[in-house]
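Student: Below are the structure tokens for one structure; questions will follow.
Computed from the coordinates by the stated procedures, all read-outs in this text should not be read as laboratory data. Please read all numbers here as calculations on a predicted model, not as lab measurements. As a convention, Cβ positions derive from the backbone with ideal geometry for all residues, glycine included, and neighbour counts pool all protein chains shown.
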């Protein structure tokens, strides 16, 4: 906890969002573009995968333990009391096609809690799960869904084309990003185009990027390495050495021998101007409003990826911030777009693969 008292968090209110009149049309455009990517990859592979975050690197059985003794402002929603949840963790890369890891792009971290109680979000009635979605970095690539749609259309045009060119570009951009970071910079655009560092995702920081309701308040969330072995991977690059699935292999090499853990943290909204809800590309300054720990995500030593796990999780499950309880309602333009688009993506995969997608009531992987 910080030494100096923090400003009080701003209470959640239903009128803190500002929906736009064009959101339905943008959602339709996103759904059309996403299903176009899914259809293209299905034609090429004979199997449908996600329109974004298609390639999984690890599919993990996990246990999320809420920290005891949290102050009232952090003891909210699923973190209201000291308890543990069985959970599924999926580590992935953001592209909608299955690329060689020589194309180094940002990664994602999806977390699904099981056996969750509470009033359900619209569309999630009858389920007992809570999903939290994270990606590399603390801000989204665009301020709103319209901006994301523009970039997604550009990516859709390159789906499963010129893989060699993507790898070559990535080899050029990785040292560019290293140079930018060495002088205190770093570029989200460079990372997204292929300059993301060759790091083991077990040692990365992931952020929710867009805000969500946090019980009586509003927050962004992040996940950071907690155990010493995961923290040791934070800045350690690995050698590609022609390995198409290098990330999957690097994760497996660690988890075959030992488990580890991450800390899940919350950054409460304390300043309405500095912490906007509708602009997902806006950084919420951390200097006077740090992310504070609320839970630990532990994984035991295990087989981190297998065809059987891929069938159970990649094909059988979907992850959405709208799978959950009202106490963690997603907020803002980007999150509202996800409510419209994610079911479309999941339904398309299920139809093409002939594999129903469901919300589990028990751990789907051992």
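Student: Which percent of the Cα-Cα distances in segment 243-366 go past 16 Å?
Tutor: 76 percent
Student: Hey, rough spin-label estimate for residue 232 and residue 359, points 7 angstrom out along Cα→Cβ, what's it come to in nanometres?
Tutor: Result: 4.0 nm between the two label points.
Student: Put one equal scatterer on each alpha carbon of the chain, apply the Debye formula with no solvent term, and list log10 I(q)/I(0) at q = 0.10, 0.11, 0.15 1/Å to two decimals.
Tutor: -0.59, -0.73, -1.52
Student: Continuing with the same structure: What share of Cα pairs, in percent, lie more than 17 angstrom apart in segment 314-366?
Tutor: Values: 621 of 1378 pairs.
Value for segment 314-366 (Cα pairs over 17 Å): 45 percent.
Student: Report the relative contact order of the chain, percent, no decimals, based on alpha-carbon pairs under 8 angstrom and at least 6 residues apart.
Tutor: Worked out over the chain, it gives 26 percent.
Student: Report the label-to-label distance for residue 67 and residue 44 in nanometres (one decimal), using points 7 Å from each Cα along the Cα→Cβ vector.
Tutor: My value for the distance between the label points is 4.3 nm.
Student: What's the extension gain from residue 300 to residue 271 if we count 0.36 nm per residue and subtract their Cα-Cα distance?
Tutor: Values: separation 29, 0.36 × 29 = 10.44 nm, distance 3.88 nm.
Net length gain for the segment: 6.6 nm.
Student: Would you mind telling me the antiparallel percentage of the DSSP bridges in the chain, rounded to 5?
Tutor: Among the beta bridges of the chain, antiparallel pairing accounts for roughly 95 percent.
Student: Here is a follow-up. For an R0 of 30 angstrom, estimate the FRET efficiency from the Cβ-Cβ distance between residue 20 and residue 80 and round to the nearest 0.05.
Tutor: It comes to 0.35.
Student: Using a Förster distance of 30 Å, how high is the FRET efficiency between residue 6 and residue 117, based on the Cβ-Cβ distance and rounded to 0.05?
Tutor: Efficiency, from the Cβ-Cβ distance: 0.55.
Student: Quickly estimate the mean residue ellipticity at 222 nm for the chain, helices only: each DSSP H run with n ≥ 4 gives -39500 (n - 2.57), and the total goes over all residues, rounded to 500.
Tutor: Working: 7 runs with 97 residues, N = 366.
After summing the helix terms and dividing by the residues of the chain, the value is -8500 deg cm²/dmol.
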